[in-house]
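The values are calculated or read from the model by the stated rules, or taken from the named source; none is laboratory data. Bear in mind the structure is a predicted one, so any value in this text is a computation, not a measurement. Here the Cβ is made from the backbone with ideal geometry for all residues, glycine too, and neighbour counts use every protein chain on show. Calculation scope for accessible area: heavy atoms of the full protein, side chains included, ligands and nucleic acids excluded. Shrake-Rupley method; radii C 1.70, N 1.55, O 1.52, S 1.80 Å.
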Amino acid sequence: MAIIRIYTGPDGRSHFEDVAPRFRSVGDKSETAELLPGSGIVVRRFEADRSNPWHHAPGRYAVFTLTGAVDIESDGTVRRLGAGDILIAEDLTGQGHVTREVGPAPRVSIFVPLG
């Protein structure tokens with residue numbers, strides 16, 4: 001599982017940052033990480049051959065990929081997110097990013113708005 005943040009830097013370009021959750025033991029042979037505040041969910045399905053040119057995140061979202069995969073291009077790099085990966089999208093200004101679905105199957109993701 002990868003958690004990747006995409007954000008607008010001081011240079012006006014979108015950049016990636018790997019996020020490592022900080023787990024703490026809860027005493028029952030399990031651990032928990034910090035809560036990402038959000039409200040509601042949006043389920044989206046993207047056709048396997050979809051491509052979205054340079055654009056901004058529509059708001060601050062945690063995007064959980066359930067099935068399929070997507071390549072996200074930003075700051076000269078491309079990151080692939082697949083089932084189980086999480087994107088923290090918050091590049092609301094500046095250059096933005098490009099998304100390209102990676103077939104053969106559609107990608108299904110859950111979008112959770114963040115406060």
Legend entry - Members of segment 66-93 that are surrounded by fewer than 17 Cβ atoms within 10 Å (Cβ to Cβ), over 12 Å from the mean Cα position of the chain (by Cα) and outside any strand (DSSP E or B): D75, G76, L92, T93
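Being open to solvent by 40 Å² or more (accessible area, probe 1.4 Å), on the phi < 0 side of the Ramachandran plot and touching a residue at least 60 places away in the same chain (Cβ under 8 Å) is the requirement here; does R5 meet it?
So R5 passes the test.
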Inset, instruction - Report, by residue number, each residue of segment 26-65 that is modelled with pLDDT of 90 or more, open to solvent by 50 Å² or more (accessible area, probe 1.4 Å) and in a loop (DSSP other than H, G, I, E, B). - result: D49, R50, H56, R60
Legend entry - Positions within segment 6-19 being in a strand (DSSP E or B) and either small (G, A, S) or closer than 12 Å to D85 by Cβ (or both), in sequence order: S14, D18
